[in-house]
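For reference, the structure discussed in these notes is given below.
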Amino acid sequence: MDAIRTSGLTKYYGRTRGVEHIDLAVGQGDFFGFIGPNGAGKSTFIRTLLGLIRPSSGQGEIFGLDVTKDREKVLKRVGYLPSETAFWPGMRVKDILKLSADLRRKDCGAVAGQLCERLRLDAGRKADELSLGGRKKAAIVCALQHEPDLLILDEPTSGLDPLIQREFFALLRERSDRGATIFLSSHILSEVQQNCAHAAIIRDGSVIASGSMQDLARTGARRVSVLGRVELDALSGVRDLQTTSAGLDFLYSGDMRELLTALAGGDVRDVTISEPALEDVFLHYYGKGDGKP
Ligand code: ADP
């Protein structure tokens, strides 16, 4: 049984597209990245999964339970970090954490204490007096303190300074090693690349690619660096072309024989053809078709 499985999951806000026909499976114990630019539909997908908004069509399951019909049971097994956090005014962090634990009928005091210490969060402070990063930390502790089987984290690192981000990912890896499933949405490619085993790329409300991080990097495109001069006008499949006085560099997804013919006809002193970096892969996915970045 998968931790998350959706089929044809679609959400429209009136006539505005939230997400469209998302088929996604996340295995138990996976560390999964959900990556896409702002407005792509990440939060909509997550909020539909949590039963916070109803899908317009399609289904979602968490641990085999329907996210709409079995919402209460689903939420018992999930820790959720929303992209934006709002707390009751005037409450101290420790009271918020206690209230959140009480709602789950669990004593989470010891774990909460450890989490606050590791994230350097002063639980005695009033939440609405904290910085953005401080409020984010409080929300992280709320999501993690009951040690859920599935963590759904929507843009968790925004507002956290780099040292705390590192500690946060160390915490997530420990949870993952102990069997928890982690689903993390992000628009920051490097953090998904460094931490996730699998990922899905979402664009304009649809998943345009998913798989292991290695598979996602295999697009067939190649990064080509040429020392010298070569005529590229006749080639199709050249992207991200950069020229310098010494040569040129581009991403190539066309016919390899045509590229080699062009290189052979040029004034080329050296050439490197390599696997593209994940940034290039993104350019490949996001640059498709309509000229959008
Ligand atoms: P992301 O989390 O990737 O930034 P969102 O899921 O927030 O993307 O947004 C996806 C699309 O749905 C956007 O076009 C956004 O404007 C729209 N949208 C999100 N929430 C609402 C809402 N409550 N009402 C109307 N449109 C919304």
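The values are calculated or read from the model by the stated rules, or taken from the named source; none is laboratory data. Since the model is a prediction, treat every value here as computed from it, not as a measurement. Glycine also receives a Cβ, built like all others from the backbone with ideal geometry; neighbour counts cover every protein chain displayed. Just the protein is used for accessible areas: all its heavy atoms, side chains included, with ligands, DNA and RNA removed. Shrake-Rupley method; radii C 1.70, N 1.55, O 1.52, S 1.80 Å.
Quick notes on this one:
- Complete set of residues in the stretch 224-243 that are in a strand (DSSP E or B) and open to solvent by less than 30 Å² (accessible area, probe 1.4 Å): 224, 226, 228
- Count of residues meeting criterion [of a type in the set (Asp, Glu) and either within 11 Å of the ligand (Cβ to nearest atom) or in contact (Cβ under 8 Å) with a residue 24 or more places away in the chain (or both)] in the stretch 54-76: 1
- Among residues of the stretch 81-123, those that are open to solvent by 50 Å² or more (accessible area, probe 1.4 Å), assigned to a helix (DSSP H, G or I), within 30 Å of residue 38 (Cβ to Cβ) and among the hydrophobic types (A, V, I, L, M, F, W, C), counted: 0
- Listed conditions (1) in contact with an Asp or Glu (Cβ under 6 Å, 6 or more places away or on another chain); (2) within 18 Å of residue 50 (Cα to Cα); (3) not aromatic (Phe, Trp, Tyr) are all met by residue 72, apart from (1).
- Residues of the stretch 1-53 satisfying the condition of being touching a Gly at 6+ places or on another chain (Cβ under 7 Å), of a type outside the set (A, V, I, L, M, F, W, C), in a strand (DSSP E or B) and near the ligand (Cβ under 10 Å from one of its atoms): 11, 12, 17, 18
- Answer from 201, 182, 188, 208 - the residue that is more than 30 Å from residue 269 (Cα to Cα), β-branched (Val, Ile, Thr), touching a strand residue (DSSP E or B) at 6+ places or on another chain (Cβ under 6 Å) and surrounded by fewer than 17 Cβ atoms within 10 Å (Cβ to Cβ): 208
- Residue check for residue 247: open to solvent by less than 20 Å² (accessible area, probe 1.4 Å) and not assigned by TED's automatic domain parsing to the domain that holds residue 152: yes
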